[in-house]
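Taking it in order: structure first as structure tokens, then the write-up.
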Amino acid sequence: MKLPAARRPSRTDIDMVPMINFAFLLLIFFMLAGTLAPAQKIPLDPPRSSAAAPVDPAGDVLTIAADGRMGLGDDPLTETGLPARIAQWRQQHPHQGLRIKADAATDSANVIRIMQLLRASGIEQISLLTVRGTP
């Protein structure tokens, strides 16, 4: 007499531990490897404003540090080299505005002088970036 072979009961549950481990490894990787914003070449503490209007996020940023250092994007600038670099930037971006991010400790006369220099170079739209909060 031939008896049927014993059947192994089928397993219906799925082991989720490997998938959870993989998801946490991916989460840790992206937390360590990714950055939300590019690092600033010139560290700044921008001024605070209670009436901050939204600014178009497109466009380059001219940074002005409290000690007078300047940079356009990743390029460091001097005040004497600023007109030539702005003229070059304006040819590359003819209809784009320029945003200025100045340190709160920067002399306001220096910022105004640079804004006048930008206007003289043909930049029509200039935005001064601030941080929302009480001044």
Counted charge near Met115, where neighbours are those whose Cβ lies closer than 14 Å (Asp, Glu -1; Lys, Arg +1):
+1
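Using 0.36 nm per residue of separation minus the Cα-Cα distance, give me the extension gain between Asp107 and Ala33 in nm, one decimal.
Difference between extended and current length: 22.9 nm.
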What distance in nm separates the simple spin-label points at Leu3 and Asp67, each placed 7 Å from Cα in the Cβ direction?
8.9
Distance between modelled label sites at Asp60 and His93, nm, 7 Å Cα→Cβ extension
0.7
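We did not get these values from a lab; they are worked out from the coordinates using the rules stated. This one's a predicted model, so the numbers in the text were calculated from it and none came from an experiment. Backbone-built Cβ (ideal geometry, glycine too); neighbour counts: all protein chains shown.
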